[in-house]
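Asks: Following this message is one structure expressed as structure tokens.
The values are calculated or read from the model by the stated rules, or taken from the named source; none is laboratory data. Since the model is a prediction, treat every value here as computed from it, not as a measurement. All Cβ positions, glycine included, derive from the backbone under ideal geometry; neighbour counts span all protein chains shown. Surface areas here come from the heavy atoms of the whole protein model, side chains and all, with no ligands, DNA or RNA. Shrake-Rupley method; radii C 1.70, N 1.55, O 1.52, S 1.80 Å.
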Amino acid sequence: MTAMTAPFVSEVEVRFRHCDPAGIVFYPRYFEMINDFVEEWFDKGMGLPFHALHVDRQIGTPLASVQCDFTAPSRWHEKLRQELAVRRIGGASFGADVRFVGPDGATRLKAALTIVTVNLRTMRSTAIPDDLRQRMQAFLITG
């Protein structure tokens with residue numbers, strides 16, 4: 001990732017439920033971990049809980065596209081550093097880069113996400129609300 005204001009950072013522990021019989025994270029579980037991380041970013045990073053956005057304001061945030069590279073295995077009980085940076089803020093969608101790093105400092109996965117804001121009543125894309133757009137700025141890649 002390039003220079004930015006600041007990525008959102010969190011940590012996740014690899015649990016037994018994430019692993020396959022070989023003792024490494026089964027790749028579909030990474031997508032669940034990414035989804036949980038994005039939800040955490042909305043809540044703790046931007047102060048806008050998913051429940052408030054989705055239920056109270058009727059604005060959904062479906063994933064429209066994901067490109068993911070798995071670069072090294074993660075094992076049960078490891079703690080992974082998760083990083084999220086916003087790469088682009090558009091009219092009704094935004095792009096975010098996610099990276100998981102192992103305790104050894106090695107990148108385990110890199111993902112490029114495109115998330116769309118939709119009106120949950122009509123199920124059509126809608127402009128990113130101004131308050132959400134403003135909150136994303138703190139995580140926008142600047143260089």
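Asks: With a ≥ b ≥ c taken as the square roots of the eigenvalues of the C-alpha gyration tensor of the chain, please select rounded if a/c is under 1.5 and otherwise prolate if a/b is larger than b/c or oblate if it is not?
Replies: Details: a/c = 2.12, a/b = 1.60, b/c = 1.33.
In terms of gyration-tensor shape, prolate.
Asks: Using Cα-Cα distances under 8 Å and only pairs 6 or more residues apart, what relative contact order does region 3-61 have, in percent?
Replies: Computed value for region 3-61: 19 percent relative contact order.
Asks: In a Gaussian network model over the chain where Cα atoms closer than 10 Å are linked, find which of 34, 24, 128 has the largest mean-square fluctuation.
Replies: 24
Asks: Another question about this same structure. As I understand it, the value is the acute angle between the Cα axis of helix 27-40 and the longest principal axis of the Cα atoms of the chain; what does it come to in degrees, rounded to 10?
Replies: Rounded to the nearest ten degrees, it is 40.
Asks: Here's a follow-up. Using a 1.4 Å probe on the protein chains only, how many percent of the accessible area of the chain belongs to carbon and sulfur?
Replies: 53 percent
Asks: If amide H atoms are built 1.01 Å from N in the plane of the peptide, which residues on other chains or at least 5 residues away come under 5 Å of the amide H of residue 92?
Replies: Amide H neighbours of residue 92, under 5 Å, 5+ apart: 128.
Asks: Note down the nm distance, to one decimal, between modelled labels 7 Å out along Cα→Cβ at residue 112 and at residue 70.
Replies: Output for this residue pair reads 2.0 nm.
Asks: Percent relative contact order of region 8-139, based on C-alpha pairs within less than 8 angstrom and at least six residues apart?
Replies: Worked out over region 8-139, it gives 27 percent.
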